[in-house]
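In what follows, a single structure is set out as structure tokens and then discussed.
The values are calculated or read from the model by the stated rules, or taken from the named source; none is laboratory data. Computed from a predicted structure; not experimentally measured. Here the Cβ positions follow ideal geometry from the backbone for every residue, glycine too, while neighbour counts run over all protein chains shown.
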């Protein structure tokens, strides 16, 4: 097999939107290009041979156009998609679906109408399931598409997940088509309709898009292989190249850009605390390439999914909705409940004492959209992150597999202790808190206080610095749930400079061992 020709790389059009940091734009351009790209140099364009594929031509600067990079974040409960440079995803699609058998319209003849299954995705899945339950009087299941989600019907198949991913891409293509049609055809200004985001050209055979997919640090190789097959085979009319990046690296990349200029050194490393829906992961990233230190990876099952399960469990105990029918809208209702009502207590000893007087959890007392009754489940649910002993409560045992869980504070300190003295010197002062659970009220403040108390009680003999001199600082962006997407969006501006990290459509077509390409993509996701 002949070696793949080097792609002709065009410098990306780096125009940063105004953010929280007010430094000069040129300084930020240099920082963004150097943080993860290292010493990548622009290479001269080689002459193209007649048989060079159109996938390689996508990286050429012949017509002055630049590569359009699509950022796809694959979360366990939500799919986010947009373009490099977007501060928020163009589309956020909950990774849930339902299949309902519907009857075709009856024409009045003697033959009964045919029935056919119909699939509803995202928010439509919950709406359709609720409507079907009300009309037919029977429960309709809404299933999670991601196999790692607790509500997924199978942990072996990615078929449902790529149904949702395919729908998210179609939404993005439809939006670009409306923008290309202009304000007259779409009935509104194209820029206003896309919330001020710049329009992108439609993908063509000569100028396809490039896919930058955000995947977990510990990623199933099947997911990587399926991504390559989907992008470069099933949707080869859209994508000409694919690159995978680890979510922890992108979250750290985003937080580095939020730091003052004199503190952006990637060599100091960061400690990423991801309180997601399926698990809590604590992972250090170090070096100019923000390489994940998997040797220090710590993970706990006490995560957002447990909070969701607790909310749903007690909704049924309180008789909210008909049993079974309520299941069609459980996840959506639970997520809204957590965002609007749940909070972490800053006085846990007092609140826990109040809670013991109310063994049966009561509905929350809400005034002005704020929970003012700490003895309710709205306080108790986040408290299990810091006091996992509460899992032994009889009220919680039916939905908890194991009651021997470590607190979030202990998980962070365990990850810290696995690093060398030189590696962890700055970790406690550079903790990145990301994930949907981090959005709960008082969560960051409570975690910082718990860390400070726990750190003072650790044996000091193993550390060089005195504990009093070690600052504990949490870095939290304005939306921790979008930290990985925003980091990938910024990184997508310079990612095209590293040609070796991309797998092109031509290379995929010429390679018989697709799993080998998947392993290479995962290696670049964590190290390149």
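Filtered by the rule that a residue be in contact with a strand residue (DSSP E or B) (Cβ under 9 Å, 6 or more places away or on another chain) and part of a loop (DSSP other than H, G, I, E, B), the stretch 206-238 gives 207, 208, 216, 217, 218, 219, 235, 238. The number of residues in the stretch 439-456 being more than 15 Å from residue 411 (Cα to Cα) and either outside the structural domain of residue 473 (by TED's automatic domain parsing) or without any contact (Cβ under 8 Å) to a residue 24 or more places away in the chain (or both) comes to 1. Yes or no: residue 435 surrounded by 17 or more Cβ atoms within 10 Å (Cβ to Cβ), on the phi > 0 side of the Ramachandran plot and either at pLDDT 85 or above or out of contact with any strand residue (DSSP E or B) (no Cβ under 7 Å at 6 or more places or on another chain) (or both)? Answer is yes for this residue. Elements of the type strands (runs of 3 or more DSSP E) sitting completely within the stretch 49-110 and holding at least 3 residues that are in contact with a strand residue (DSSP E or B) (Cβ under 6 Å, 6 or more places away or on another chain), at pLDDT below 90 and assigned by TED's automatic domain parsing to the domain that holds residue 166: there are none.
With 245, 285 as the choices, which residue is free of Cβ contacts under 8 Å to residues at least 60 places away in the same chain and either assigned by TED's automatic domain parsing to the domain that holds residue 205 or crowded, with 18+ Cβ neighbours inside 10 Å (or both)? Going through 245, 285 in turn, just one is free of Cβ contacts under 8 Å to residues at least 60 places away in the same chain and either assigned by TED's automatic domain parsing to the domain that holds residue 205 or crowded, with 18+ Cβ neighbours inside 10 Å (or both): 285. Can you confirm whether residue 150 is modelled with pLDDT under 90, surrounded by 13 or more Cβ atoms within 10 Å (Cβ to Cβ), outside the structural domain of residue 102 (by TED's automatic domain parsing) and under 30 Å from residue 513 (Cβ atoms)? Spelling it out, it is not the case that residue 150 is modelled with pLDDT under 90, surrounded by 13 or more Cβ atoms within 10 Å (Cβ to Cβ), outside the structural domain of residue 102 (by TED's automatic domain parsing) and under 30 Å from residue 513 (Cβ atoms).
Scanning the stretch 440-458 for residues that are in contact with a helix residue (DSSP H, G or I) (Cβ under 6 Å, 6 or more places away or on another chain), assigned to a helix (DSSP H, G or I) and closer than 22 Å to residue 77 by Cβ gives no hits.
How many residues does the stretch 265-282 hold that are in contact (Cβ under 8 Å) with a residue 40 or more places away in the chain and surrounded by fewer than 24 Cβ atoms within 10 Å (Cβ to Cβ)? Result for the stretch 265-282: 5.
Residues are listed down the side, and each one gets a yes or a no for (1) under 18 Å from the mean Cα position of the chain (by Cα); (2) at pLDDT 90 or above; (3) closer than 27 Å to residue 440 by Cβ; (4) in a loop (DSSP other than H, G, I, E, B):
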position	(1), (2), (3), (4)
241	no, yes, no, no
251	yes, yes, yes, no
271	yes, yes, yes, no
282	yes, yes, yes, no
288	no, no, no, yes
311	no, no, yes, no
319	no, no, yes, yes
322	no, no, no, yes
